């Protein structure tokens, strides 16, 4: 049974309109470079507005790096790409302290993690020590070098890529690190007509060179605050909990989604609702986000994998069997507000 709503402010229509305008401008500009991936772009924007990280899992050459660069340039944010390899050391990411003979002291030389948007390319090729350094940056928004902690810039978004086909020379990501990604997204191959547009669009010039900054850190702070106050009806909260708990109780799952998964589904639902121009979340938002948000948090039983079952199949079954709440009005009633998740 859901708890009684708590009296707190709900996002205003003006705030939602402001966030939606930012999202539309960024989406339209990225679409000038990335062809036919509107749903993927929306998921990245939702992660950005939720201050979360994204795991891009797909084969090489489908535009993962181009997508990350387009997003970074649209935001006017600093961007670094880190190519993960088995010999990559933690200091190669976080930076090192170097002795300055002129000043007779050590000075910090920052690593590539000190950027607002970081592309961790082929993240599963690095060893456990390097992964732990990245994990601290993702979770704590800080790095530790020689015992000294340094804060990372705001916003800080990690877009990590992983090739699901080639496993030779890779290190499986620890579940603790996988769970830190807000969502896992696949880019996918373009359709035939979309690939034709790519050929023609990149024939004479690179459209990435024409991208201009459309938002800054202050815009993102306001968008982040707006998303946290989008109303979530208690029945929708129950629906989120029903889906997450069902992943733990399904016969084919060895490990279901954690409470962090519940928070992620809650927050991304708020972000998507705001991007669609609503001050409230509806069950359709939750259904749209269930697979990218919960899919990487579910581990199947060995016998289920032998039967060629996938996490996608399990989530489809769960959503088909879980009753969808039906309400005539999802907006907050007078004097009612939902407590934002912190």
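The values are calculated or read from the model by the stated rules, or taken from the named source; none is laboratory data. Note that this is a predicted model, so its numbers are computed, not measured. Reconstructed Cβ throughout: ideal geometry from the backbone, glycine too, with neighbour counts over all protein chains shown.
State all residues of segment 214-250 that are farther than 30 Å from residue 76 by Cβ and free of Cβ contacts under 8 Å to residues at least 24 places away in the same chain; if no residue qualifies, say none. Before you say what the answer is, go through the steps one by one.
Step one: list which residues in segment 214-250 are farther than 30 Å from residue 76 by Cβ, which gives 231-250.
If the condition is that a residue be farther than 30 Å from residue 76 by Cβ and free of Cβ contacts under 8 Å to residues at least 24 places away in the same chain, then 241, 245, 248, 249 are the ones that fit.
Can you say whether residue 138 is in contact with a helix residue (DSSP H, G or I) (Cβ under 6 Å, 6 or more places away or on another chain) and under 30 Å from residue 283 (Cα atoms), as far as the supplied structure shows? Before the answer, list the steps.
Values: in contact with a helix residue (DSSP H, G or I) (Cβ under 6 Å, 6 or more places away or on another chain): no; under 30 Å from residue 283 (Cα atoms): yes.
It is false that residue 138 is in contact with a helix residue (DSSP H, G or I) (Cβ under 6 Å, 6 or more places away or on another chain) and under 30 Å from residue 283 (Cα atoms).
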(request) Pick out, from segment 109-206, the strands (runs of 3 or more DSSP E) lying fully within it that include 2 or more residues that are surrounded by 14 or more Cβ atoms within 10 Å (Cβ to Cβ) and touching a strand residue (DSSP E or B) at 6+ places or on another chain (Cβ under 9 Å). (result) 117-121, 142-145, 157-162, 181-185
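This table checks each residue for (1) surrounded by fewer than 17 Cβ atoms within 10 Å (Cβ to Cβ); (2) in contact with a strand residue (DSSP E or B) (Cβ under 7 Å, 6 or more places away or on another chain); (3) outside any helix (DSSP H, G or I).
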position	(1), (2), (3)
284	yes, no, no
293	no, yes, no
309	yes, yes, yes
312	yes, no, no
315	no, no, no
(request) Given the conditions (1) modelled with pLDDT of 90 or more; (2) outside any loop (DSSP other than H, G, I, E, B); (3) touching a helix residue (DSSP H, G or I) at 6+ places or on another chain (Cβ under 9 Å), report the number of the one that residue 238 does not fulfil. (result) (3)
